[in-house]
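First the structure, in the form of structure tokens, and then the observations on it.
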Amino acid sequence: MDGNGRWAELKGLPRTEGHTAGEQSLMDVLEGADELGVKWFTVFAFSTENWRRPPEEVRFLLNFNEKILLERQDELHERNVRIRFVGRRERRVPKRLLKRMDEAEILTRKNTGLTFTIAFNYGGRAELVDAMRRIADAEIPASRITEKTISRYLYDPSMPDPDLMIRTSGEYRISNFLLWELAYSELVFSEVLWPDFRREHLFAAIKEYQDRDRRYGGVTES
Ligand code: IPE
Ligand code: MG
């Protein structure tokens with residue numbers, strides 16, 4: 001969900017207004033995905049690198065994520081959405097927010113609709129480091145470590161590899177998002193800044209995805 005700051009700056013507003021406006025985009029896109037029958041929908045809400053931002057913006061983002069959770073979890077629960085988090089649950093994440101995250105997961109854990117995963121304090125490299133550490137702790141012999149082993153030690157082993165990754169705001173990078181999981185995903189880049197992104201943009205990205213030819217390193221018979 002990129003481009004909040006630029007959206008606000010273009011309007012002469014403080015950057016945080018862009019984050020606020022992004023909430024509408026998120027709810028609209030989530031609803032659109034749900035109506036299409038998408039079963040797994042993951043957003044990059046806060047990265048392990050975002051701590052480098054000015055302290056006021058970091059504080060705003062932490063509070064804002066807590067506020068969204070509080071205000072939206074009942075509505076998501078009613079939609080049969082299952083809320084999950086991936087990322088490092090470490091000390092610098094406020095305890096209160098961690099508690100809210102747990103509460104949202106527990107409230108919605110039996111839901112059978114769309115799984116909405118929020119990558120929070122998430123980094124793809126950090127996820128791999130954490131997986132390696134746990135593999136070492138489990139004393140799994142090196143010769144028995146396979147790709148499946150690594151997948152099993154990621155933050156959410158039940159999450160399927162994404163079919164499609166969309167990045168907004170005209171940036172052409174992965175920026176440490178789901179590094180392992182994105183190995184064979186189709187990537188779609190949109191020029192639209194996140195606060196202007198709506199379900200129509202999601203549908204257009206899915207249309208583009210449907211025209212791709214996924215070969216997974218193999219060949220397609222003509
Ligand atoms: C994305 O928008 C929101 C978060 C990373 C939390 P940005 O804040 O990165 O917006 P730009 O890239 O500065 O426009
Ligand atoms: Mg950005």
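Computed with every protein chain present, the accessible area of THR20 is close to 60 Å² [probe 1.4 Å]. What FRET efficiency do you get for LEU179 and LYS110 if R0 is 35 Å and r is their Cβ-Cβ distance, rounded to the nearest 0.05? Taking R0 as 35 Å, the efficiency between LEU179 and LYS110 is 0.70. Over all projection directions, the Cα-based convex hull of region 116-202 averages an area of 6.6 nm². Remark: the LEU70-ARG214 segment gains 47.9 nm on full extension, using 0.36 nm per residue and subtracting the alpha carbon distance.
Of all the options GLU31, GLU127, GLU208, the one that moves most in a Gaussian network model of the chain with Cα springs shorter than 10 angstrom is GLU208. Put simply, the C-alpha atoms of region 148-197 give a gyration tensor, and the ellipsoid matching it has half-axes of 25, 10, 9 Å, longest first.
Hey, how much of the P(r) for region 182-222 falls beyond 16 Å, as a percent of Cα pairs? Value for region 182-222: 48 percent of Cα pairs lie more than 16 Å apart.
Each of ARG109, ARG92, ARG53 has its accessible area taken with a 1.4 Å probe; listed largest first, they run ARG109, ARG92, ARG53. Ranking VAL86, VAL129, VAL219 by solvent-accessible area of protein heavy atoms (1.4 Å probe, all protein chains present), from largest to smallest, gives VAL219, VAL129, VAL86. Ranking of PHE197, PHE44 by solvent-accessible surface, largest first: PHE44, PHE197 (1.4 Å probe, protein heavy atoms only, all chains present). Within the assembled protein chains, the solvent-accessible surface assigned to ASP196 is about 80 Å², based on a 1.4 Å probe.
Each distinct pair of alpha carbons in the chain adds a 1/r term; the inverse of their mean, the Kirkwood radius, is 18.7 Å.
Spacing of the modelled spin labels on ARG89 and GLU56, each 7 Å from Cα toward Cβ, amounts to 3.3 nm.
For LYS39, the lysines whose Cα falls under 27 Å of its own Cα, not counting residues fewer than eight places away in the same chain, are LYS67, LYS99, LYS110, LYS148, LYS207. Derived scalar couplings between HN and Hα for region 31-37 equal 5, x, 5, 4, 5, 6, x Hz in order, rounded to whole Hz, by the Karplus curve 6.51 cos²θ - 1.76 cosθ + 1.60 (θ = phi - 60°), x for Gly and Pro.
Heavy-atom accessible area for SER151, with the other protein chains in place and a 1.4 Å probe, reaches approximately 40 Å².
The values are calculated or read from the model by the stated rules, or taken from the named source; none is laboratory data. The structure presented is a predicted model; accordingly, all values stated were derived computationally and were not measured. Neighbour counts run over all protein chains shown; Cβ positions are idealised from the backbone, glycine included. The protein model used for the area step is the full one, side chains on, heavy atoms only, and it has no ligands, DNA or RNA in it. Shrake-Rupley method; radii C 1.70, N 1.55, O 1.52, S 1.80 Å.
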